[in-house]
Amino acid sequence: MTSKERVLTAFARQQPDRVPINYMANPGIDARLKQHFGLAAADDEGLRPKLGVDFRDATPNYIGPKLHPDIPGRQVNEWGVRARWVEHESGGYWDYCDFPLKDADVETVANWLLPSPDQYDYSAALDAARRYKDYAVGVGSPGFGDIINSNGFLRGTEQAFIDLITDDPAGLLLADRRLAVQLEVLRRTIEAARGGIDFLWTGEDLGTQNSPSISMELFRRHIRPRHQRLCDLARAYNLPIMVHTCGSSSWAYNDFIAMGVTVVDTLQPEAANMSPAYLKRTFGDRLAFHGCISTAGPVAYGTVDDVVRNVRETLEIMMPGGGYCLAPTHMLQDNSPTENILAPYHAIGCFGQY
């Protein structure tokens with residue numbers, strides 16, 4: 001099978017020739033793996049075949065004007081989201097900060113500058129679709145279309161939850177303004193790729209490690225109607241839709257199925273009601289799965305043998321009948337040894353064949 005055929009077969013909950021593979025890592029891990037394989041720092045396409053990765057993406061480039069001023073010590077993107085560099089013992093990361101719309105009223109949110117769908121170069125999506133025609137090409141990302149996190153980047157996490165609980169018009173307006181832009185960017189990307197897009201990827205983190213982070217009532221009042229628009233867009237183009245859901249999120253999966261979601265992503269096995277066995281038993285006849293290889297488990301804290309054993313056990317549960325793609329639960333983190341990062345990809349050759 002080609003990578004495209006392999007992934008789409010798994011997404012359809014059928015058995016491909018082997019389990020499809022995906023890769024996500026922060027810059028430190030990415031640089032370390034490229035050095036391990038003797039690749040140049042920018043050689044993304046050199047790295048992915050080394051790992052057997054079946055997925056690619058088609059992302060339009062923002063080419064519009066600078067909408068928000070530079071701030072010393074901060075990264076500021078076209079949405080006005082700010083981040084600061086935070087060092088830790090094994091590297092560092094850009095952490096969201098400042099939250100410029102935390103106390104904003106409706107008028108301030110309505111006037112906040114957001115990128116226009118006209119300010120993207122969609123030819124990049126067509127180029128990617130052609131270049132990666134044998135791979136599963138996705139549009140969107142784990143954080144695309146989400147409400148809680150992305151509103152939180154501008155209003156702070158606490159205020160983002162308060163907005164949902166109190167029906168705060170400023171917070172809901174921000175969610176709707178952002179979603180309107182993203183929906184149109186997605187639509188234009190899909191159109192520009194001329195049939196070269198294979199799936200749509202969105203996200204919404206709905207759980208802590210132990211429980212849901214919001215009630216079902218709140219989910220159905222504010223989250224589901226907005227995500228339904230993303231599902232409807234995918235359905236209009238006959239595309240599978242994969243939803244990233246961190247933490248204990250399986251409580252929402254029956255609603256996802258009713259909405260038309262095809263695949264669920266992340267699948268943190270240490271979170272409540274997220275073990276591979278529970279997910280496969282409860283939803284395996286209605287959903288495909290992408291994830292399960294925890295970045296907070298053996299990959300980070302175990303030995304190579306621990307990682308291989310974990311991968312083998314996961315595959316034994318998830319492989320029967322198809323419908324599973326091996327992927328890390330999040331971006332692979334700097335505290336993971338290189339040999340542990342490579343182990344899941346090597347293990348597929350031993351345990352991932354049908």
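The values are calculated or read from the model by the stated rules, or taken from the named source; none is laboratory data. Keep in mind the model is a prediction, meaning the values are calculated, not measured. For accessibility, only protein heavy atoms count, side chains too; no ligands or nucleic acids. Shrake-Rupley method; radii C 1.70, N 1.55, O 1.52, S 1.80 Å.
Express the relative contact order of the chain as a whole percentage, based on alpha carbon pairs under 8 Å and six or more residues apart in sequence. If you can, show how the numbers build up before the last one.
Details: 669 pairs, mean separation 77.9, N = 354.
Rounded, it is 22 percent for the chain.
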Checked the stretch 45-89 with the C-alpha gyration tensor, a ≥ b ≥ c its square-rooted eigenvalues, rounded below a/c of 1.5, otherwise prolate if a/b is larger than b/c and oblate if not; verdict oblate
Classified through the alpha carbon gyration tensor (a ≥ b ≥ c as square roots of its eigenvalues; rounded if a/c is under 1.5, else prolate when a/b is larger than b/c, else oblate), the stretch 199-325 comes out prolate
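So, for the stretch 154-262, what is the accessible surface per residue at a probe of 1.4 Å, expressed in square angstrom?
On the way: 4030 Å² over 109 residues.
In whole numbers, the stretch 154-262 has 37 Å² accessible per residue.
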The percentage of the accessible area of the chain (probe 1.4 Å, all protein chains present) made up of carbon and sulfur atoms, to the nearest whole number, is 51 percent
Relative contact order of the stretch 53-97 (C-alpha contacts under 8 Å, at least 6 apart) in percent is 22 percent
Taking the alpha-carbon centre of each part, the distance from the stretch 1-39 to the stretch 124-180 in Å is 24 Å
Note on the chain, DSSP bridge orientation, antiparallel percent to nearest 5 equals 35 percent
Rounded to whole Å², per residue accessible area for the stretch 274-354 with a 1.4 Å probe reads 38 Å²
GNM of the chain, Cα pairs under 10 angstrom: of GLU339, GLU204, GLU45, the biggest fluctuation goes to GLU45
Which of THR157, THR202, THR166 fluctuates most in a GNM of the chain (C-alpha springs under 10 Å)? That residue is THR166
Listed by chain and number, the lysines with an alpha carbon less than 29 angstrom from that of LYS34, same-chain partners under 8 positions apart left out, are LYS4, LYS50, LYS133
Taking only the alpha carbons of the chain, the radius of gyration and the largest Cα-Cα distance, Dmax, both in angstrom, are 19.8, 58
